[in-house]
Each structure stands twice: as C-alpha cells, then as structure tokens.
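Derivation of every value follows stated rules applied to the coordinates shown; laboratory data play no part. In this text, all values refer to a predicted model and were calculated from it rather than measured experimentally. Counting neighbours? That spans all protein chains shown, and the Cβs are built from the backbone with ideal geometry, glycine included.
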Amino acid sequence: MVKYASSTLRTLERLVPGTGLRQGLERIIQQGKGAIIVLGSGKDIDAISSGGFALHRAAFTPAKLAELSKMDGGIVIDDNHDMIVAANVHFVPSNEIPTDETGSRHRTAQRIAAQTGRPVVAVSEGRRIATLYLEGQKVELRSPTEIAARVNQELLTLDRLRRRLDEAEIALTQLELTGLANNRHVVRVLQRAELVRRVGLSIEREAVTLGDEGRLAFIQLSDMVRGIEHLREVTLRDYLRPRTLKALNSAVQKLEAVEESDLEDPLNVARVLGFMDLEDPVTPRGYRVIGQVGRLPDPVRDEMIKHFSSFEKMLSATSSDLEKVEGIGTARASYVRHYFDRLIANANDWSPPAS
C-alpha cells in the first residue's frame, strides 16, 4: 500500500484525537472561532508575515492556542509543536500560487503550505471543522465518531472491490491457461487493482486521523490491499511492450495518473497503457502465474521466464526440464510441476465467464 510521505504522516500523528494540538483545535471550534495555524517557524514564514507580535518562551497549551485564536490574525507554532512563536499575524503568501479554495482563510492556508512546505491548519468558523494542508494534500480533521463511521463504510466498499478483483484475476489465470485471454481481461485486472489501491489510500487518510482508535481499521485495510502493487507489477510485466524497467515504471505512473472517471473506461485504460484492440488475443510471459508459486525466490522465477521461450513451454515442462533451470533442484522441480498440474486441471473444469 502506498503511504503518506513521512512528514505528512508525522504531522497527522500529532493531530490525532487526544493530542494537545487537536484539543486546541477542538476548543477553537467549540468557541465558534476560525484560525490559521502554521506548524513550523523560520525565515520562510517570517518572509510572508506582517504585523502581529512575537511570543517568547510561550509554552504551547490547548488553552493558549484557543485564546490567541480570538484575535483576527494567524498563529505560528515552532517546529517541535511545543512553543507558540507568534500570534495575530497577517500572512501574505504569493497570490500567483493556484488554489481551489473559495474562503480567504483557506486560500491563504493552502498557499502558505504550497509556498513554504510547512503544515498549515485552517479552522473554518462557519463549517466548524479544521483542515490540514501539506505537500499538496488536504485533510479534513473531522470528529472521531464521524471518521470511524466513514472508515467502516469505506472498508465494506473496499471488501467488495477486492472480491471483484480476485474474481477478475482468477478468470485471467484460467483464460491464460486455456489460450482465451485478450487485452480486455488484462485491462480489467489492472483497472480493479488500481481502484482498490486508490480506495485503500482514501481509507488510510481517514484512519490515520483516528490515532489509536484506527488500529483495527489499519489491520483490516492491510489485509485487503495486500499484494496489490505486486499484482499490478507482474501483470504489466506479462504484457507490456517494450519489456523494460523504464516502460514498466512509465506504465505504473500513467495508470496512477488516470482520472477517476476515465478509470472506469477499459478503452481509455488500454490506450494509456499502449494496448491496442481490447479483443486482441494475448499470451503472458508468465510472471503473474509464477509469482503465485510459494517458496520460490524471485531470482529463480526470473530464471524460469528466461529459460523457457514461451508460457506454453513453461507450463508443459517436465520435472526434468524444470531441473535445468538455475536454482531449481529436484524438490523444487517436483513442487512446481505439481502446482502447474493443479492449475491445468482446474482450467479444464472451468467455464469462461460471460463478456
């Protein structure tokens, strides 16, 4: 599972329910006030600050933060988040920085974060919610009860999506073994894998803000997204042309950049990945099927792909043939052959799904 950048994760951990910063934000919301709070100080913040007053050795407390927010200006907290550096500050970030926010307070906060790289929290007086801006991310710090409800609902959605992905992968394996696979079947697996990955990231963003209360959600989430990136990689390695690491990395980046609305369209995804007609028959190199063989090191899997000139020859190889692959002895050859036999037997009893 793709994670937040470490700096964003550390900031979120300092803003989870029960921490001093979060308690301070909750007090501001309870008293019906708004605020801009910059989490970090330095010359970069000084350069975009006007007015206000410096606070010397003012130890951070939730009560102090809430009281200082009653003034119109913003607040600056030091890098360790344990001292309040300045209050009633007027921030003047560059107006040329693009922002999708409509309120002046949130536009300013987003621009400060973009210009300085510092975490910035904006508390909305009208909506009564705090929003963190950092590294291009926007995270709303909702109440634990609301977040937990949303996380649970999204976990149910993710569970359904993961089951659909598993079904698509099983179907692709059977179609490969029977020589009936085409680009549409490959794209279906990649579409669903990418969708699972994205929903997993959305849940992670929410669960991180729960702190200790989010541990169970993280355990469930880890189970549901386990192996997603590996599945994506081996599927692409099976079918991408050219067969280079550069092409693989480029394909991953392109897939991750596909808009949500376009991800549902198999034609669009196929075009992005360089696949031609969706109905064109395809034959894998074997990376994904070999990747499912347990107790087989990655270098040995790579050697198998190199040794056999085609997927069909690899599947029909005898134990003696398999022993000729570097790194495969008698025991491993027997184990792999038995695995292939079970796959083929299952394929023979399988009926292709309706298109």
Note on the stretch 293-355: the mean projected area of its alpha-carbon convex hull, in nm², is 5.0 nm²
The Rg/Rh figure for the chain, Cα atoms and Kirkwood Rh, to two decimals is 1.12
Given 259-268, 119-128, the highest-first ranking by average Cβ count within 10 Å works out to 119-128, 259-268
Output for the stretch 294-349: trypsin sites (Lys or Arg not before Pro) sitting in coil per DSSP, at most 13 other Cβ within 10 Å, listed by number, reads ARG295, LYS324
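Are there trypsin sites (Lys or Arg not before Pro) in the stretch 56-101 that DSSP marks as loop and that have at most 12 other Cβ atoms within 10 Å, and which are they?
LYS70
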If amide H atoms are modeled at 1.01 Å from N in the peptide plane, then the residues at a separation of 5 or more from ALA58, or on another chain, having amide H under 5 Å from its own are ILE84
Counting only DSSP beta bridges with both partners in the stretch 6-141, the antiparallel fraction in percent, to the nearest 5, comes to 90 percent
Computed, not fitted: 222 nm per-residue ellipticity of the chain from DSSP H runs ≥ 4 (each -39500 (n - 2.57)), nearest 500, equal to -17000 deg cm²/dmol
The whole-number value in µm²/s of the Stokes-Einstein translational diffusion coefficient for the stretch 6-141, with Rh from the Kirkwood sum over alpha carbon pairs at 20 °C and 1.002 mPa s, is 148 µm²/s
